[in-house]
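The values are calculated or read from the model by the stated rules, or taken from the named source; none is laboratory data. Note that the coordinates shown come from a computational prediction; the quantities given were computed from them, not determined experimentally. FYI the Cβ positions are ideal-geometry reconstructions off the backbone, even for glycines, and counts take in every protein chain you see. Only protein heavy atoms, including side chains, enter the accessible area calculation; ligands, DNA and RNA are left aside. Shrake-Rupley method; radii C 1.70, N 1.55, O 1.52, S 1.80 Å.
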Amino acid sequence: STSLQPYGSRVGNFAKNAAARNILETMERKQSNLCVSVDVTKKKDLLDIVDAVGEAVIMVKTHIDIVEDFDMDLVVQLTALAKKHDFVIFEDRKFADIGNTVSLQYAAGVHKIASWSDITNAHLVPGTGIIDGLAKVGEPLGRGLLLLAEMSSKGTLAAGEYTRANVEAAYNNESGFVMGFIAMGRVDDKYAPADKPKRDFLVLTPGVGLDVTGDAMGQQYRTPDEVIYKSGCDVIIVGRGIYGALTKESDDTARQAAVESVRKQGNRYREAGWEAYLKRINH
Ligand code: BMP
């Protein structure tokens, strides 16, 4: 399995995808496999969280459509922070429509996702036309796409033959635009098509927490060790476990303390993720 190779030695496996190469190189440079998921509704909160954890992470994941005061200045500031702290941007858009519609949703509208997000993701529910629609926009910009082969939530229908179909679609994507999966384990190994040479893909995994096992709406958490070491995934995605302290309005002193707590949690998850990775490659 390619997951037993160091991140840096896998760069050459992604000759056709600049975003994937950049992610692997960033992981080596920063000694981190941590993606922070910044699911907050205010521009200032988003930027403060990203500035606090920027040093610890290799990737910032956004749900840009939940930001109430979104404007293009947020994009300007977020991309400036990406330069300052050396991370890539992942808009977790979960496209799920026909090719023509997703190409418009990706390129246009209020958010113009393709213009600023290094990678994004899609459900394969509509069929492989969704990949073609997104590739038309993303490929010329050097972007990458992840397929949601599995999900972390209780009762997910993304399993079994549906997961296999995602892996096959990725293997059939000759251009290399599909660079990986959202999944809970090495689906690229488990469902590798027998009639094709093995290819490398990145596996990014949400549902990661060190202190709790789930939430009230079906989220299920595993530890970085379970995700990176035991399951062989490449990137841990952590949301509330990191930014949880900064969710309510408070005075300046309390806010400053919350930002410091966010920074601390970022470092904690970076260390846990990297330790699990070192254990994996040295095993
Ligand atoms: P948290 O760590 O706070 O539970 O956040 C997880 C993040 O990952 C959320 O942004 C969610 O949309 C996303 N996510 C997930 O939790 N499970 C999946 O299977 C796929 C996701 O994108």
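Below, the figures for the structure above:
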read-out	value
Alpha carbon centroid spacing (whole Å) that separates the range 83-135 from the range 1-62	17
Over the range 110-180, volume per residue of the alpha carbon convex hull, in Å³	103
Counting all C-alpha pairs of the chain, share separated by more than 37 Å (%)	7
Label-point separation, MET72 to ARG164 (7 Å along Cα→Cβ), nm	4.8
Whole-number D in µm²/s for the range 1-103 (Stokes-Einstein; Kirkwood sum over Cα pairs; 25 °C, 0.890 mPa s)	164
Relative contact order, percent, the range 206-254 [alpha-carbon distance under 8 Å, six or more residues apart]	35
Distribution of pairwise C-alpha distances over the range 39-181, 10 Å bins, in %	12, 40, 34, 15, 0
Trypsin sites (Lys or Arg not before Pro) within the range 200-283: DSSP coil, no more than 13 neighbouring Cβ in 10 Å	LYS248
Accessible surface of the range 98-165, 1.4 Å probe, proportion on carbon and sulfur as whole %	60
Surface share of carbon and sulfur [accessible, 1.4 angstrom probe, percent] for the range 19-71	41
Computed FRET value (nearest 0.05) for ALA80 with LYS42, which takes r as the C-beta separation and R₀ as 25 Å	0.85
Residue-normalised accessible area of the chain, expressed per residue, 1.4 Å probe, Å²	43
Alpha-carbon Rg with Dmax, taken over the range 116-155, Å	11.5, 37
Radius ratio Rg over Rh of the range 206-283, counting only Cα atoms, Kirkwood formula for Rh	1.06
Rg/Rg_globular for the range 145-201, with Rg_globular taken as 2.2 N^0.38 Å and Rg from C-alpha atoms	1.05
Value of [θ]222 nm, deg cm²/dmol, for the chain, DSSP H segments ≥ 4, -39500 (n - 2.57) each, nearest 500	-12000 deg cm²/dmol
Calculated FRET efficiency for the pair LYS112/MET217, C-beta based, R₀ 45 Å, to 0.05	0.90
Accessible surface of the range 178-283, 1.4 Å probe, proportion on carbon and sulfur as whole %	52
Length gained when the stretch THR156-THR253 is fully extended (0.36 nm per residue, less Cα-Cα span)	30.8 nm
Value in Å of the Kirkwood radius, where the range 172-241 supplies the Cα pairs that are averaged	13.3
Most fluctuating residue given options TYR243, TYR162, TYR229, as computed from a GNM of the chain linking Cα atoms under 10 Å	TYR162
GNM flexibility winner over the chain from THR223, THR213, THR26 (Cα, springs under 10 Å)	THR213
Contour minus Cα-Cα distance for LYS94 and ARG29 (0.36 nm per residue)	20.5 nm
P(r) histogram, all alpha-carbon pairs of the range 100-250 included - 10 Å bins from 0, percent	11, 35, 34, 17, 2, 0
